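The structure appears right after this line, and notes come after that.
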Amino acid sequence: MTLPKMRLAHMGITVKNLCVMEAFYTEVLGFKASDRGVARGSPMVFLTRDPSDHHQIVFQEQRKTDETTINQISFQLDDLSGLREMRGVLFKAQVEELKFVDHCVACSIYCHDPDGNRLGFFVDGPFYVKQPMIQDLQKSLVLAYLNPAIAFNFWIKQIPQAISRGRCAWPPPKLDCCGALPPRVTRTAQYLNSGILPTGSSTGLVSLLAAAS
């Protein structure tokens, strides 16, 4: 069966306290309330960060338990400096239990919103590495996201380790999702995963990264 073209547009989430959740998402994460009302006896609010979309998230006050079925709600940042800025925003808002995670394909910060839903903030890395890959993100890197040399050295150290553990492969597996293309990779990733470099070797890695940039 051929599916029509479609895109994921928004999500609706039942919450325990609508006022608290709206305050967090607007004051901390920069959403704007585009509409509000009552449906089936429960208040709801529509939120967006994009003026071209009426809403990206809908909250409705219907949740009765502490348990959440949401694995994560993730937000993509443009670059490492943006991720560092987001870290500062979360600290200023006194968001607790921040976790800094290196997925090799991305650097991520995880926390929870007032309803206990896990939030993720990430910036893509230039490499394809088989997932799941979960390890601690170096705190020194988190504190120095604005230093390109540190970020560059971070990838230099991480990717050969992933190769040696058999976590990198070329070509990347094709996603069975409506004929979607494989994950985005750079020329650097092609060099690293194509067998040009010996397994686990960092020989010539610097020059290859420079040539592919």
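Computed quantities for the displayed model
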| quantity | calculated |
| --- | --- |
| Selection from segment 107-121 of residues that are assigned to a strand (DSSP E or B), of a type outside the set (Lys, Arg) and surrounded by fewer than 20 Cβ atoms within 10 Å (Cβ to Cβ) | TYR110, CYS111, HIS112, GLY120 |
| Tally of residues being loosely packed, with under 15 Cβ neighbours inside 10 Å, within 24 Å of the chain's Cα centre (by Cα) and in contact (Cβ under 8 Å) with a residue 12 or more places away in the chain across segment 50-66 | 2 |
| Qualifying residue in segment 24-40 (condition: among the charged types (D, E, K, R), within 20 Å of GLY120 (Cβ to Cβ), in contact (Cβ under 8 Å) with a residue 24 or more places away in the chain and out of contact with any Leu (no Cβ under 9 Å at 6 or more places or on another chain)) | yes |
| Hits in segment 51-79 - residues which are of a type in the set (Phe, Trp, Tyr) and over 14 Å from VAL15 (Cα atoms) | PHE75 |
| Within segment 93-106, considering residues that are hydrophobic (A, V, I, L, M, F, W, C), part of a loop (DSSP other than H, G, I, E, B) and out of contact with any helix residue (DSSP H, G or I) (no Cβ under 7 Å at 6 or more places or on another chain), the one farthest from PHE121 (Cα to Cα) | ALA93 |
| Residue in segment 1-16 that is over 17 Å from ARG118 (Cα atoms), charged (D, E, K, R) and modelled with pLDDT under 95 present | yes |
| Those residues of segment 1-39 which are surrounded by 10 or more Cβ atoms within 10 Å (Cβ to Cβ) and among the β-branched types (Val, Ile, Thr), in sequence order | ILE13, THR14, VAL15, VAL20, THR26, VAL28, VAL38 |
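Residues checked against (1) without any contact (Cβ under 8 Å) to a residue 24 or more places away in the chain; (2) among the hydroxyl-bearing types (Ser, Thr, Tyr); (3) in contact with a Lys or Arg (Cβ under 7 Å, 6 or more places away or on another chain):
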| position | (1), (2), (3) |
| --- | --- |
| SER74 | no, yes, no |
| LEU77 | no, no, no |
| LEU83 | no, no, no |
| GLY88 | yes, no, no |
| PHE91 | yes, no, no |
| ASP102 | no, no, no |
| CYS107 | no, no, no |
| PRO114 | no, no, no |
| LEU119 | no, no, no |
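The values are calculated or read from the model by the stated rules, or taken from the named source; none is laboratory data. The structure displayed is predicted, hence computed values, not measured ones. Quick reminder, even Gly has a Cβ in these numbers, built from the backbone with ideal geometry, and neighbours come from all protein chains shown.
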